[in-house]
């Protein structure tokens, strides 16, 4: 049995195992929503992928593989790529994602990424001062990742990402580390791609800082027993949002001037029910792009749904290109989120 057949069988078995577990929980009535920290890690990256409904586990060709499936980094054909995405997230929260990749010939593709989520500054309100006590607070989250993808054959690639994660609110912060692991395989059936990844396998996170410290009088009465004993409130540790993705993509139409790529992903998170993302990308001369997708199908009580987007690619020279992508995601009663991505290939 050759390597290609063994790889396909392995990916199929992993997919069947994941879906057998997912089907058993698809119609469950309880979830673990609100039981994980670092929720910003669940916000998808890249207007191209998000315009296709977040169905990117098996879609290759750009640096956003560092988020969806690090194995796809090995499929970047240029020397490298750098990109930046911004979105005005829900409730006026600012979301930014930046990444860069470098193709090391004969070794693999190295990537680096930075994710940032910032909550606008606000006044501190207390029971005694409901209009503010003169202080101000804010909250922020960020993750720094280093990725590597390598092709083992002309059809099979693997990749991994190491992340440092931090969340802060006022004077408290929590830290953690996590790993992503992914594979992608191109079959001989019309170059159908099968991708699988596990994201955010890592440590628990627990808030700590000066605001949970206080002085205590254990005896309960001044003048009796120990006085002003330094104490801290106990905070719990929480898992980070682990997710298993498996997806397929294929060029349903591939002509000299026109390409139509369809993609479907299934995701099994550790803090919610399973869901499916799907999308379509139309490309004309690999210069103009139109995208549409549907996000979070089967996810219980989800406000997510239709997505769409467009893109433009301009060749500035024989080795340098500029890409601008836009995506719109409907969030139902929460209105919508719009993403703008700027990428440079070199």
Meets criteria (loosely packed, with under 14 Cβ neighbours inside 10 Å and touching a residue at least 12 places away in the same chain (Cβ under 8 Å)) for residue 155: no
Residues of region 78-108 satisfying the condition of being in contact (Cβ under 8 Å) with a residue 24 or more places away in the chain and under 22 Å from residue 315 (Cα atoms): 78, 79, 80, 81, 82, 83, 84, 85, 99, 100, 101, 103
Selection within region 175-191 - buried (at least 18 other Cβ atoms within 10 Å of the Cβ) and either over 19 Å from the mean Cα position of the chain (by Cα) or closer than 18 Å to residue 61 by Cα (or both): 182, 183, 184, 185, 186
Qualifying residue in region 3-11 (condition: in a helix (DSSP H, G or I), modelled with pLDDT of 80 or more and at negative phi): no
Selection status of residue 262, surrounded by 14 or more Cβ atoms within 10 Å (Cβ to Cβ) and without any contact (Cβ under 8 Å) to a residue 24 or more places away in the chain: yes
Scope region 173-203; condition in contact with a helix residue (DSSP H, G or I) (Cβ under 9 Å, 6 or more places away or on another chain) and in a loop (DSSP other than H, G, I, E, B); matching residues: 187, 188
Checking residue 57 against (1) assigned to a loop (DSSP other than H, G, I, E, B); (2) surrounded by fewer than 16 Cβ atoms within 10 Å (Cβ to Cβ); (3) in contact with a helix residue (DSSP H, G or I) (Cβ under 8 Å, 6 or more places away or on another chain), the condition it does not meet: (2)
Filter result (touching a strand residue (DSSP E or B) at 6+ places or on another chain (Cβ under 6 Å) and more than 22 Å from residue 253 (Cα to Cα)) within region 282-314: 295, 296, 297, 298, 299, 302, 304, 305, 306, 314
Condition check for residue 252: in contact (Cβ under 8 Å) with a residue 12 or more places away in the chain, surrounded by fewer than 19 Cβ atoms within 10 Å (Cβ to Cβ), at negative phi and in a strand (DSSP E or B): no
Strands (runs of 3 or more DSSP E) within region 274-342 that include 2 or more residues loosely packed, with under 14 Cβ neighbours inside 10 Å: 306-315
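The values are calculated or read from the model by the stated rules, or taken from the named source; none is laboratory data. Keep in mind that this is a model prediction, so the values were computed, not measured. Please note: Cβ atoms are built from the backbone with ideal geometry, for glycine as well, and neighbour counts cover all protein chains shown.
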